[in-house]
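Report on the following structure.
Each reported figure results from applying straightforward, stated rules to the coordinates on display, with no laboratory input. All values derive from a computational prediction rather than experimental measurement. Every residue, glycine as well, gets a Cβ built from its backbone with ideal geometry; the counts of neighbours run over all protein chains shown.
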Amino acid sequence: MQNLRVSIVQGDTRWHDPAVNREYYGQLIAPLHGTTDLVVLPETFTSGFSNDAIDKAETMDGPTVAWLREQAVKLGAAVTGSVQLRTEQGVFNRMLFATPDGQLAHYDKRHLFSFAGEHERYAAGQERVVAEWKGWRILLQVCYDLRFPVFSRNRFDASHAAQAEYDLALYVANWPAVRAYPWKTLLRARAIENLCFVAGVNRVGTDGNGLHYSGDSAVIDFLGHPLSEANDAEVVSTMTLQAIPLLEHRARFPALQDADAFSLPG
């Protein structure tokens, strides 16, 4: 593992306008060329969090997937964020992870937000996904997943130098300001309990449903300390995650090897 430069992109997503959002976020991240290894966009960054956006859901052959791949090549960095994508199995809130070498991983949001009726229109994912990039293992998670620690629980891996299934957990979100305190608290909890770095990227502004978002995007270290915290404004911020302190902490405090063994049903 080498150090990893991570850029969080906290933007004011335009409502139901994928083309405008691609241009908007493209302008925000263009200056990151050559200065970062991983760019993290919010959840549903082409539309905002909306059940009605399902009607215009793209496919994996659509313009947003192509755009994400293009951005990865232009920046020389991995680029990730979630969008609504239609498949034969239904429409998923799908987190994409594109790398400049042409690889594309994806994770389908498992925990659908029934409080807002997401489960009535979208399909739920089943598989946990850990992407690999520049020697780091990276867990992909979307918004509401943050409230369910069992699904994101790190596992001890004696066969790997890092002795863990993953080193960094990403949470992309449209998390309303009214629940900002749980967002900030749970990001720290996930980092502490899983002995990993956590990056949570939320949006700002007010969406078409009148919900306000206070941002509060953050990068948290394995002890729960914030390395970067955003406020209620458009922000593009880059932090360098230090590999050696993470590995040293796990060696000093090998809590993962004492964790309960379990498996999740499909």
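Find me the longest stretch of the chain that has none of the exposed GluC sites (Glu not before Pro), where exposed means in a DSSP loop (not H, G, I, E or B) with at most 15 other Cβ atoms within 10 Å.
In short, 128-233.
In 5 Å bins starting at zero, report the fraction of Cα pairs in the chain per bin as a rounded %.
Whole-percent P(r) values from 0 Å outward: 1, 6, 14, 19, 21, 18, 12, 6, 3, 0, 0.
Among Asp55, Asp17, which comes first, second and so on when ranked by fewest other beta-carbon atoms within 10 Å?
Exposure proxy ranking, most exposed first: Asp55, Asp17.
How much length would be gained if the chain were fully extended between Asn209 and Gln89, taking 0.36 nm per residue of separation minus their Cα-Cα distance, in nm to one decimal?
Taking 0.36 nm per residue and subtracting the Cα distance, the gain is 40.5 nm.
Once you order the gyration tensor axes a ≥ b ≥ c over the Cα atoms, which shape class does region 112-234 get: rounded for a/c under 1.5, otherwise prolate or oblate by comparing a/b with b/c?
Oblate, because a/c is 1.5 or more while a/b does not exceed b/c.
Give me the distance between the Cα centres of region 81-150 and region 6-72, rounded to whole Å.
Here the two parts' Cα centres lie 15 Å apart.
Let me have the relative contact order for region 129-266, percent, based on Cα pairs under 8 Å that are six or more residues apart.
20 percent
Once phi is turned into ³J(HN,Hα) by the Karplus curve 6.51 cos²θ - 1.76 cosθ + 1.60 with θ = phi - 60°, what whole-Hz value does each residue of region 47-61 show in order, with x for glycine and proline?
Coupling constants for region 47-61: 9, x, 7, 8, 5, 6, 5, 4, 5, 10, 4, 7, 10, 5, 9 Hz.
Stretched out fully, how many nm does the piece from Glu70 to Asn3 gain, at 0.36 nm a residue minus the Cα gap?
21.7 nm
Given contacts defined as C-alpha pairs under 8 Å and at least six residues apart, what's the relative contact order of region 1-110, whole-number percent?
Once divided by the residue count of region 1-110, the mean separation gives 24 percent.
Report, for region 4-256, the % of DSSP beta bridges that are antiparallel, rounded to 5.
Of those bridges, close to 65 percent are antiparallel.
Just rank Phe115, Phe156, fewest to most, by other beta-carbon atoms within 10 angstrom.
The order, fewest Cβ neighbours first, is Phe115, Phe156.
Mind computing the radius of gyration and Dmax over the alpha-carbon atoms of region 176-243? Å is fine for both.
Gyration radius and largest Cα-Cα distance of region 176-243: 12.6, 41 Å.
Could you tell me which residue out of His119, Leu195, Asn231 lies farthest along the dipole of the chain toward its positive end? Charges go on the beta carbon: Lys and Arg +1, Asp and Glu -1, centred on the Cα centre.
Leu195
Rounded, prolate or oblate: pick one for region 1-79, where a ≥ b ≥ c are the square roots of the eigenvalues of its C-alpha gyration tensor, a/c under 1.5 means rounded, and failing that, prolate if a/b is larger than b/c, else oblate.
In terms of gyration-tensor shape, prolate.
Could you please rank His111, His225, placing first whichever residue has the fewest other Cβ atoms within 10 Å of its Cβ?
His225, His111
Label points 7 Å out from Cα along the Cβ direction at Glu120 and Phe148: separation in nm?
Result: 2.0 nm between the two label points.
Using modelled amide H (1.01 Å from N, peptide plane; none on Pro or chain starts), what sits under 5 Å from the amide H of Thr59, excluding residues fewer than 5 places away?
Answer set, sorted by chain and number: Arg86.
Compute the FRET efficiency between Asp52 and Ala255 as 1/(1 + (r/R0)^6), taking r as their Cβ-Cβ distance and R0 = 35 Å, and round to the nearest 0.05.
It comes out at approximately 0.20.
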